[in-house]
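Below is one structure, written out as structure tokens; comments come after it.
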Amino acid sequence: MAKDPVCGMEVDEKKAAGTAVHEGKTYFFCAPGCKATFLKAPEKYVGVEEASRKGCA
């Protein structure tokens, strides 16, 4: 399982709603909205602490 970098939700890599590669790392998303939010400003979500995540976009 992977964590959606936008909302922190656990995502099954095989069933992810979307993926994106940033600086050579693949990120998995629970919903298309989370992927779109990530793609607008990936640096905002890379390395972010879980406690600061606000839920699905």
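The values are calculated or read from the model by the stated rules, or taken from the named source; none is laboratory data. From a predicted model like this one, the values you see are computed outputs, not experimental measurements. Here Cβ is always computed from backbone atoms with ideal geometry, including for glycine, and neighbour counts include all displayed protein chains.
Looking across segment 1-22, the residues that are loosely packed, with under 15 Cβ neighbours inside 10 Å and out of contact with any helix residue (DSSP H, G or I) (no Cβ under 8 Å at 6 or more places or on another chain) come down to Met1, Glu10, Asp12, Glu13, Lys14, Lys15, Val21.
For segment 1-35, the set of residues classified as among the hydrophobic types (A, V, I, L, M, F, W, C) and either more than 11 Å from Tyr45 (Cβ to Cβ) or touching a His at 6+ places or on another chain (Cβ under 6 Å) (or both) consists of Met1, Ala2, Met9, Val11, Ala16, Ala17, Val21, Phe28, Cys30, Ala31, listed by residue number. Only one entry of Ala17, Ala31, Ala36 meets the criterion of being touching a Lys or Arg at 6+ places or on another chain (Cβ under 8 Å), of a type outside the set (Val, Ile, Thr) and at pLDDT 95 or above, and that entry is Ala17. Residues considered: Thr19, Thr37. Of these, the only one that is in contact (Cβ under 8 Å) with a residue 24 or more places away in the chain and polar (S, T, N, Q) is Thr37.
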